[in-house]
Amino acid sequence: MSSDAASTAAPETPPSSGAAPFSGYEFMLAFKYLRARKKHGGVTLISVISFVGIMLAVAVLITVMSVMNGFRHELLTRLLGVQPHIYVYVPSEQGEAALTLADRIRELDGVRQAGPVATGQALVTSGRSAAFAQVSGVRPDDLARFDLITGAHGADDAGGGLVAGSIEQFGEGRNGGDVIIMGTVMAAQLGVGVGEQVTLVSPQGASTALGMTPRSKRYTIGGLLSVGVQDLDQILIYMPLDQAALFFNRPAQGDYIDVRIANPDAPEPVIEAIRAIAPEGSVMFDWRRQNQAFWNALQVERVAMRLILSAIVLIAAMNIISGLVMLVKNKTRDIAILRTMGASQGAIMRIFLIAGAAVGVLGTLAGIALGLLAVVGIGPIQDFVSWVSGVNVFDPSVYSLYRLPARLDWGEVAFVSFWGVFASLVATLAPSWRAGRIDPVEALRYE
């Protein structure tokens, strides 16, 4: 190869062995190589495929993790809207202490509401149909502070809160004592509404010489409540505590104390504070222990899906290897000329590292933008797919929620961003190292 040919092929800004790493000429050459000429169009095609693959993988990872976060938030929020955050069981022989203990617990830091609860199961009939019910007896003041009633649980238009009637007559006076609050799905099954009456039948009735006889009583529906979870809306009934204690043969102080706290994810400090003031022999535990299998399933599913989808991003980034290998092969002559002009092995490696990383970084950024758009527009996307397919793609009877939820977690977005860029950098290392190891003498000889 003559010196004239070498000078013709040299870049406008000759490299210097003393140039700083990641200098301007390295970026200039990297982006120039990505814009391959027509005869090297295969390199550009593979780069585009790599870009699209990383973009779609990152967008899917953000969307799926956001939907899973939405499921977790909606299920836990709605579940904790009707379920205590902390259960406190007081020994039966200290029943009187249970009522005063609830008031003392309410004064603790971090506690929003505490009150006795009596529970039982009953058959509900309306003359048209019958349904099974899980009945909770609560004091009227305690019911008024529930998140489901106040709306503090963050229910959306898909369901949540008192959707019909009111709790004004709940437990008030003689007639108010016969007022109950019922789930919307149960009311639809029974064909009843606010102001109508239903009959509750409990197997735990009065004791007679012939044994236990069922007990039945008619109650008036004062309001319809929607938790937002179909399975709960199908069985839920609230009645005044004194009525529940009488109907189910429960003690006047209820079965346990229902404690709601400001931070359900960290109940340990409140449990310790309750333990310090509770009577000896009291038992207390939080909602995670009550729903141990459900909680563990959510945690395992979240970790497993993150690993699987992260592997998809890594597989998409592997396409960069193919593009860089072809690019290195096509630019062997240029590499040899740069080396003879003084470019170091590290400089050559960095040029191709920048070229591969640029595809990964741009693909990751585009994927983040696409994923954020998908999360923000998850509702219209669901409606559009349902309209095109003609079927409800998110059936509440299957998923127990009325709407496909999506909740953006910026920590997840940061993880996806880091993982997309990291996977791209890892994919560029091998071909970039190979480019830096090319012997300029052998390359020019065979060229």
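Derivation of every value follows stated rules applied to the coordinates shown; laboratory data play no part. Everything numeric in this text was worked out from a predicted model, so none of it was measured. Here the Cβ is made from the backbone with ideal geometry for all residues, glycine too, and neighbour counts use every protein chain on show.
One table, with the values for the structure above:
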{"read-out": "Cleavage-rule hits, GluC sites (Glu not before Pro), the range 82-154, DSSP coil, Cβ neighbours within 10 Å at most 13", "value": "107"}
{"read-out": "Prolate/oblate/rounded label for the range 201-351 (Cα gyration tensor, a/c 1.5)", "value": "prolate"}
{"read-out": "Extension reserve of the residue 299-residue 263 stretch, reckoned as 0.36 nm per residue once the Cα distance is removed", "value": "11.1 nm"}
{"read-out": "Contact order normalised by residue count of the range 192-278, Cα under 8 Å, 6+ apart, percent", "value": "22"}
